[in-house]
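This report concerns only the one structure given below.
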């Protein structure tokens, strides 16, 4: 097997001393921690942190470091072939939003930029999060600019300026600097309101949990840097479930998350029919704050400013469940009882993979599969950001941004590993084991686990247009599949 990660690991292992100088790191190691590498990007709020992403091992040795031209928009993602996607602030942005980005870079192991794509204009901007897809495309969280009058025409009552709802856009990279939209979904297409009966989207909110009440949540008004912001739903995480072909979106300002159908076309995603679900782009499931759809009140709210909502992957303990980093405070006013937590739930589904909701009831469940808030010995609070991801051995990797710490706990809530980042902050960290990197074999175009003549034959068919498979075929990452990729493939076979 020949992958870039192995080559890079042998030639680019840096010294822990650098990280001590930058972040004053202190680490606790215990025997039951999952054996893997941790990827994180320090917060741009600390000038000493710079603009770098680090990959460290369990002893805090720096395995690799990528330096960037600008600050991160929350977190980077490592890919199985050892390349990395990094969302960051674009130059000359026109929309001022929290964790605003607008630019996505793809790096190889040695730090060379392979792809440099901008999603920023007068009318939209990427922010907070992206999600790499199995087919090589990327999901982008994006605001879009909607005028105050258009919002009024859709039934918004309390409004004093523009409104910037979120949307999800799927980008297919087409060249070193280019990409095309191949799918999109918009909150703005799935609204309801009960304030103005003359409008088309008028209805009884409690009878339509599949839609968002345009009058929930305040519009932010002013950004953290003083500019006007129409930030409304404030999405902060997007995650993809390959098994279900569904997307989960976490929204801080509505204090809940939403599941939508990705199997739709863009046209279907704007409506109420189509896709595997037959429901188009309407919400398939939502959870955390049922008062938003009239099936509860403030006492039924569970999630507060939550982040990092994601599915537990197949093959992991709790597979198919949903993990939530619940920041756990209200209205940005902390009190002595506020603390963050990690919640794991099992969505109510039937054997047809349909989400179950009873008439006049809120989406379940009412009970958690797993819950962690530190217990009596250790409590934590993260005012902004924060993350939680399940690991293959059943442990959970947790990141607190406010008190910048990455730590790993087992199913009993016992801490197995911890590292404090000192004066810098971290939005979210992820941990990658050998099986993650081993899932990619350079040159295995047909994905049978072997690189041989069959891969060459498939590559020829792809070039001749006899096969539409694109994944794993662009071996030199130049966004072209041609004779140069065949030469690389032959070299891999001969070398092995």
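Quick note: the coordinates plus some simple rules give every number you see, no bench work behind them. Remember, predicted model here, so these are calculated numbers, not experimental data. Here the Cβ positions follow ideal geometry from the backbone for every residue, glycine too, while neighbour counts run over all protein chains shown.
Here are some notes:
- The angle between the Cα long axis of helix 453-463 and the main principal axis of the chain comes to about 60°, on a 0 to 90 degree scale.
- Spin-label zone in the range 454-496 - amide nitrogen under 15 Å from a point set 7 Å from the Cα of residue 135 along the C-beta vector: 468-473
- Shown is the FRET efficiency for residue 371 and residue 349, computed with R0 = 25 Å from the Cβ-Cβ distance and rounded to the nearest 0.05: 0.75.
- Ranked 408, 367, 414, criterion: other C-beta atoms within 10 Å, fewest first: 367, 414, 408
- Against the chain, whose longest principal axis comes from its Cα atoms, helix 483-495 is set at around 60 degrees.
- Two-site FRET efficiency, residue 148 against residue 59, from Cβ-Cβ distance with R₀ of 35 Å, rounded to 0.05: 0.05
- Space enclosed by the convex hull of the alpha-carbon atoms of the range 348-450, per residue, Å³: 203
- If you take the Cα centroid of the range 469-496 and the Cα centroid of the range 264-299, the two points sit 42 Å apart.
- Estimated distance in nm for a label pair at residue 195 and residue 420, the labels positioned 7 Å out from Cα along Cα-to-Cβ: 4.7
- Helix content alone sets the calculated 222 nm mean residue ellipticity of the chain: runs of n ≥ 4 DSSP H residues at -39500 (n - 2.57) each, divided across all residues, give -3000 deg cm²/dmol.
- Rounded if a/c under 1.5, otherwise prolate or oblate - the range 193-345, Cα gyration tensor axes: oblate
- Working note: Cα gyration tensor of the range 441-496, eigenvalues times five, square-rooted, sorted largest first, giving semi-axes of 16, 12, 10 Å.
- Hull shadow area, averaged, the range 70-212 [alpha-carbon convex hull, nm²]: 10.1
- Footprinting exposure proxy ranking of 369, 144, fewest other C-beta atoms within 10 angstrom first, gives 369, 144.
- The Kirkwood radius of the range 375-417, taken over pairs of alpha-carbon atoms, gives through the Stokes-Einstein law at 37 °C and 0.692 mPa s a diffusion coefficient of 305 µm² s⁻¹.
- Placing pseudo-labels 7 Å out from each Cα toward the beta carbon at residue 483 and residue 116 gives an inter-label distance of 3.0 nm.
- Put in line by how crowded their Cβ is, counting other Cβ atoms within 10 Å and starting with the fewest, 240, 479 read 479, 240.
- Distance in nm between pseudo-label sites at residue 32 and residue 379 (7 Å out along the Cβ direction from Cα): 2.5
- Pairwise centroid distance, computed over Cα atoms, of the range 379-458 with the range 189-219, Å: 38
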